[in-house]
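Worksheet: one structure, shown below.
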Amino acid sequence: MHRVGSAGNTANSTRPRKEKRLTYVLSDADDTKHCAGINCLAVLKASVSGCDYLFTGSRDGTLKRWALAEDTATCSATFESHVDWVNDAVLAGDNTLVSCSSDTTLKTWNCLSDGTCTRTLRQHSDYVTCLAAAEKNSNVVASGGLGGEVFVWDLEAALTPVSKSGDSMEDDSSNVVNGSGNALPITSLRTISSSNSISVHTTQSHGYVPVPAKGHKESVYALAMNDNGSLLVSGGTEKVVRVWDPRTGSKTMKLRGHTDNIRALLLDSTGRYCLSGSSDSMIRLWDLGQQRCVHSYAVHTDSVWALASTPTFSHVYSGGRDLSLYLTDLATRESLLLCTGEHPILQLALHDDSIWAATTDSSVHRWPAEGRNPQKIIQRGGAFLAGNLSFSRARVSLEGSTLVPVYKEPIFTIPGTPGIVQHEILNNRRHVLTKDTAGSVKLWEITRGVVIEDYGKVTFEEKKEELFEMVSIPAWFTVDTRLGSLSVHLDTPQCFSAEMYSVDLNIVGKPEDDKVNLARETLKGLLAHWLAKRKQRFGVQASANGDAPSGKEVTTRSITHSRIEVDSNTENDSMVYPPFEFSTASPPSVITEGSQGGPWRKKITDLDGTEDEKDFPWWCLDCVLNNRLPPRENTKCSFYLHPCEGSAVQILTQGKLSAPRILRIHKVVNYVIEKMVLDKPLDSANPDTTLAPGLAGGPVQLSAIGDGSFRSGLKPWQKLKPSIEILCNNQASG
């Protein structure tokens, strides 16, 4: 987990702050594989001995490091801290990986570690879409994003910790400038690495502020920098290439020519030539000295999203929305279709004589490329001459000149797992039906985070209808599949609205009429590992009065009883019931934030027990540690009992009936038998102890089946009980 200070000081704010959400991300797949499209690639060559590494960043929110051998790739680390798509990643020097995300942050990592995030950099106000690094100056990285923001970072200054002790830094703050250029106080950050070590330092050390490159009025999608970091180019939805001096952030020129968004940029090592790829399907070569476009290459039939050049800048590899990878000689204009896949190409990375291709699929493919001598491929034949107008390449296709790709299959593939693309929350509010990119339909139990049924490739809609139940439970969670997996969102106080009886959850050893709050028990299951670690670390159990074992209060708000009620129906313990036990083999990840800093993400089994109100929402801790829930309205379920048409049953009660919170049909049946048929108690059950929202507001009709007679001389439990059918809104309920 990595926590950073958030811009602005909210400690003295009088405005009510929106309560923080807690999200948990489920996965039943192999954790060493991505489950969503790959947005970025970076190759780290072995310096002397050892293996090369490939870094991949995915729409599943994680980065992975792959140790490369001749025909294998082994996932040696997962970098998990971003809470949204990872959009780009670059290597700065031999051991620093910088990533950017739709969560508006940049993160730096020790790329040879087991996944340690060393710093979170917050400056952007919207999605960060692209990065650029200087190959021979590992200290300079540029970032661009939506809203037209471009920043140039001095990594050494940004990563230098403040020389203060951890105790004195916890409540310290420093200044940072937000995207608008205004100085704002920012609280300290604490980095919790995957090895559970903690270091404390400020987010931007000594008030460090990156250099802003101001000029873009719209979103930026591409950046490139020359080797020594003296030149920066950017492009986006304004359809122009802007050239900057990254040392000052001043704009030196603007290059026009593209007719659609610019999606990819490259600079040669000297900074004289620039290549751009655009959604207008064109690749353009710019001479920055002459400030003009010197060549246009009509190679693709759709948007160009990825470019990679040979070290000498003599040839360019390009890919994009047309699913195809091309090689083009920049001097002779000869182009060759290397391969065609099933998914759009998002990024390319040359690796010796091969090239890695990242696509919207969760797999990564390695193709032959002859990167050291690409002319060898072109000399085999099959090349075409790239036109200089956008329609010229399309005309070749229309005339029937079908291109044949040089390679049919990749050299090697790093497989991913299918991502979830469709979901439906079933009305029992514990199961979610999903469909993935491979067409497989699965049933999840979200209170345990596991797949309980894999139906294979069946019709999603038919399976949904088949699983429909006549039951009504309040909507206590929401779900999305943006990360390619199930993300379950808990928002207070709505998440505490659903209850079920222990008997309906098959909880053994608990009175069957005990009400179980689904969100509370789910939180206990999620944080069971954290609570165990907390007890080990502090040697005592969390007290019930709001005091944390560390001697700090969970929060002053957590003991404000005007906002909180204690759940008196459940013991204040950490026991996790079987319907809420989460898997440790495929543990979910938690995404949330506390009173300080921004959102963070970490697997529940990696929590070390030190996380507190600075990391978790106060309501979450108060629920798990103190058994306190937000106040709920004293809801009553009101209904009337009417005999079914043609029934001889007489109504012996008057007025409407009501029950609190949950209404179970068998309670109504017993009530009918006692009050209307037998006119005496059948058992000790009290129908006024339960509530179900599903029957509220609707008339309930009943009919007695059988003659209703009883044999004399028999004891009460030996007498025949009449058969009762309850109809609610003309639906048989019991």
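Here are a few things to note about the model shown:
- Test: Lys463 is over 27 Å from the mean Cα position of the chain (by Cα) and open to solvent by less than 50 Å² (accessible area, probe 1.4 Å): no
- Tally of residues being farther than 22 Å from His258 by Cα and small (Gly, Ala, Ser) across region 225-245: 2
- Test: Val566 is open to solvent by 40 Å² or more (accessible area, probe 1.4 Å), out of contact with any Lys or Arg (no Cβ under 7 Å at 6 or more places or on another chain) and modelled with pLDDT under 90: no
- Pairs, first hydroxyl-bearing (Ser, Thr, Tyr) in region 456-484, second surrounded by fewer than 17 Cβ atoms within 10 Å (Cβ to Cβ) and assigned to a helix (DSSP H, G or I), C-beta under 6 Å, six or more apart: Ser472/Pro693
Results for (1) buried (at least 21 other Cβ atoms within 10 Å of the Cβ); (2) on the phi < 0 side of the Ramachandran plot; (3) touching a residue at least 24 places away in the same chain (Cβ under 8 Å), shown as yes or no for each residue.
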{"position": "Tyr53", "(1), (2), (3)": "yes, yes, yes"}
{"position": "Glu70", "(1), (2), (3)": "no, yes, no"}
{"position": "Thr78", "(1), (2), (3)": "no, yes, yes"}
{"position": "Val90", "(1), (2), (3)": "yes, yes, yes"}
{"position": "Asn95", "(1), (2), (3)": "no, yes, no"}
{"position": "Cys100", "(1), (2), (3)": "yes, yes, yes"}
{"position": "Thr105", "(1), (2), (3)": "yes, yes, yes"}
{"position": "Ser138", "(1), (2), (3)": "no, yes, yes"}
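- For region 232-247, a tally of residues being over 29 Å from Arg321 (Cα atoms) and either in contact with a strand residue (DSSP E or B) (Cβ under 7 Å, 6 or more places away or on another chain) or of a type in the set (Gly, Ala, Ser) (or both) returns 2.
- Selection from region 283-319 of residues that are surrounded by fewer than 19 Cβ atoms within 10 Å (Cβ to Cβ) and touching a helix residue (DSSP H, G or I) at 6+ places or on another chain (Cβ under 6 Å): Thr301
- If the condition is being open to solvent by 20 Å² or more (accessible area, probe 1.4 Å), in a loop (DSSP other than H, G, I, E, B) and more than 22 Å from Cys495 (Cβ to Cβ), then region 420-439 contributes Thr437, Ala438.
- Criterion violated by Trp109 - all others in (1) open to solvent by 10 Å² or more (accessible area, probe 1.4 Å); (2) in contact (Cβ under 8 Å) with a residue 40 or more places away in the chain satisfied: (1)
- Filtered by the rule that a residue be open to solvent by less than 50 Å² (accessible area, probe 1.4 Å) and touching a Pro at 6+ places or on another chain (Cβ under 9 Å), region 142-156 gives Ala142, Ser143, Glu149, Val150, Phe151, Val152, Trp153.
- A Cβ distance below 6 Å, combined with a sequence gap of six or more or placement on separate chains, defines the contacts here; from region 582-607, residues that are closer than 22 Å to Leu121 by Cβ reach residues that are in a strand (DSSP E or B) and polar (S, T, N, Q) in the pairs Ile591/Thr23; Gln596/Thr187; Arg601/Ser589.
- Residue identified as at pLDDT 75 or above and more than 24 Å from the chain's Cα centre (by Cα) among Pro587, Pro631, Pro599: Pro631
- Filter pass, Arg534 being modelled with pLDDT under 95 and either open to solvent by less than 40 Å² (accessible area, probe 1.4 Å) or more than 23 Å from Lys636 (Cα to Cα) (or both): yes
- Qualifying residue in region 251-272 (condition: out of contact with any Ser or Thr (no Cβ under 9 Å at 6 or more places or on another chain) and open to solvent by less than 10 Å² (accessible area, probe 1.4 Å)): no
- Residue that is farthest from Thr78 (Cα to Cα) [pool: residues in region 119-136 that are of a type in the set (Ser, Thr, Tyr) and surrounded by fewer than 21 Cβ atoms within 10 Å (Cβ to Cβ)]: Ser125
- Residues located in region 296-336, provided they are part of a strand (DSSP E or B) and over 18 Å from Arg372 (Cα atoms): Ser296, Tyr297, Ala298, Val304, Trp305, Ala306, Gly319, Gly320, Ser324
- Checking Gly449 against (1) open to solvent by less than 40 Å² (accessible area, probe 1.4 Å); (2) at pLDDT 90 or above; (3) at negative phi, the condition it does not meet: (3)
- Every residue from region 473-523 that is over 30 Å from Asp31 (Cβ atoms) and assigned to a helix (DSSP H, G or I): Gln494, Phe496, Ser497
- On inspection, Glu19 passes the criterion of being touching a residue at least 60 places away in the same chain (Cβ under 8 Å), more than 27 Å from Arg321 (Cα to Cα) and open to solvent by 10 Å² or more (accessible area, probe 1.4 Å).
The values are calculated or read from the model by the stated rules, or taken from the named source; none is laboratory data. All of these numbers come straight from a predicted model, not from anything done at the bench. Counting neighbours? That spans all protein chains shown, and the Cβs are built from the backbone with ideal geometry, glycine included. SASA here: full protein model, heavy atoms, side chains in, ligands and nucleic acids out. Shrake-Rupley method; radii C 1.70, N 1.55, O 1.52, S 1.80 Å.
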